[in-house]
Structure formats: structure tokens, C-alpha cells
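Below: the structure, in C-alpha cells.
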Amino acid sequence: MAVPKFYEFFVSILKFLSDGREHNIKDIYAFCAKNFNLSDNDIKTVLQSGANMLRTRVSWACSYLMKAELI
């Protein structure tokens, strides 16, 4: 499976964070990779800029959720 678009992470991130505990971004990356059954190659995929695709997309998803005041 390819790395999902940033907006496809919204629901999963909200469910992960719904336990009310504090989580760091590394926990969210790991959860998303596992939740979407991403392969090692998917997890290691980099963008043309050299940035990790999974981390970039999860970070964008978190940014949008914060701007919407959902997290």
C-alpha cells in the first residue's frame, strides 16, 4: 500500500488521540504506519525534497487538526 494522502490520516489520528492521554508525534507516526499496514519501503519513502513522506503527511494532518481545534 502506498502512503495515504494527509487527509486520509485524520480519522485514525483522532481515534488514536481519543484516549485522553498525552502522545508525542513519534507515537502518532508509529500508530499510523501500523494502522495502515505500511511496508518498510512505504515507511522509508522520501519526497523529492528528501523529507520522509509518512512523517510529512502525518505532520500535515496533525497541523490541520490543530488548526481546526480538534486536537
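The values are calculated or read from the model by the stated rules, or taken from the named source; none is laboratory data. These numbers come from a predicted model, not from an experiment. Don't worry about glycine lacking a Cβ; one is built from the backbone with ideal geometry, like all the others, and counts go over all protein chains shown. Note: areas computed on protein heavy atoms with side chains; ligands, DNA, RNA excluded. Shrake-Rupley method; radii C 1.70, N 1.55, O 1.52, S 1.80 Å.
Listed values, structure above:
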quantity	calculated
Percent accessible area from carbon and sulfur atoms, the chain, protein chains only, probe 1.4 Å	54 percent
For a label point 7 Å along the Cα-to-beta-carbon line of Met66, residues of segment 10-36 with backbone N under 20 Å	10-33
Full-stretch length increase - Ala2, Asn35 - with 0.36 nm per residue and alpha-carbon distance subtracted	10.6 nm
Amide H contacts of Ile71 (H built 1.01 Å from N, under 5 Å, at least 5 apart or other chain)	Met66
Å² of accessible area per residue within the chain, as computed with a 1.4 Å probe and no ligands counted	71 Å²
With 10 Å bins from 0: P(r) over segment 18-71, alpha-carbon pairs, percent	22, 52, 24, 3
Neighbourhood net charge (15 Å Cβ-Cβ; Lys/Arg +1, Asp/Glu -1) for Pro4	+3
